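Participant: Handing you a structure now.
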Amino acid sequence: MMDVKLVVDLNRCQGYAQCVFLAPRVFTLHGEESLLYDAGPDDGERERVAQAAAACPVQAITTDIRPQSHGQ
């Protein structure tokens, strides 16, 4: 597998930090609302990044992770 690619729309991000709790190796808060992130984390972070993107209340995280279809 390849490394994950992700983008955070920092204009949309409101600093809820759900991503920081779910993928702390990828997302960190600098100060109260400034988000720093690794735009190309290792593939080992794939599941955590997918969870972080799904948990973002303002849908500010976009990834190249495709939903897995079960049963195929």
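Coordinate-derived values only; no laboratory data. Quick caveat, the model's predicted, so the values are computed rather than measured. Virtual Cβ from ideal backbone geometry, glycine too; neighbours counted across all protein chains shown.
Participant: To the nearest 10 degrees, how steep is helix 46-55 against the longest Cα principal axis of the chain, on a 0 to 90 scale?
Facilitator: Approximately 60 degrees, to the nearest ten.
Participant: Which trypsin sites (Lys or Arg not before Pro) does the range 1-53 hold that lie in a coil by DSSP with at most 13 other beta carbons within 10 Å?
Facilitator: LYS5, ARG12, ARG25
Participant: Read through the labelled values (i) 25, 11, 9; (ii) 34, 10, 8; (iii) 21, 13, 10 and report the label of the one computed as semi-axes √(5λ) of the Cα gyration tensor in Å from the structure.
Facilitator: The listed entry that was calculated here is (iii).
Participant: Is the range 21-61 best put as rounded, prolate or oblate by its Cα gyration tensor, with a ≥ b ≥ c the root eigenvalues, rounded for a/c under 1.5, and otherwise prolate when a/b is larger than b/c, oblate when not? Working shown, then result.
Facilitator: Values: a/c = 2.04, a/b = 1.26, b/c = 1.62.
Oblate shape, in that a/c is at least 1.5 and b/c is the bigger or equal ratio.
Participant: Using only helices, what value at 222 nm comes out for the chain when you add -39,500 (n - 2.57) per DSSP H run of length 4 or more and divide by the total residues, to the nearest 500 deg cm²/dmol? Please list the in-between numbers first.
Facilitator: Values: 2 runs with 15 residues, N = 72.
Per the formula, -5500 deg cm²/dmol.
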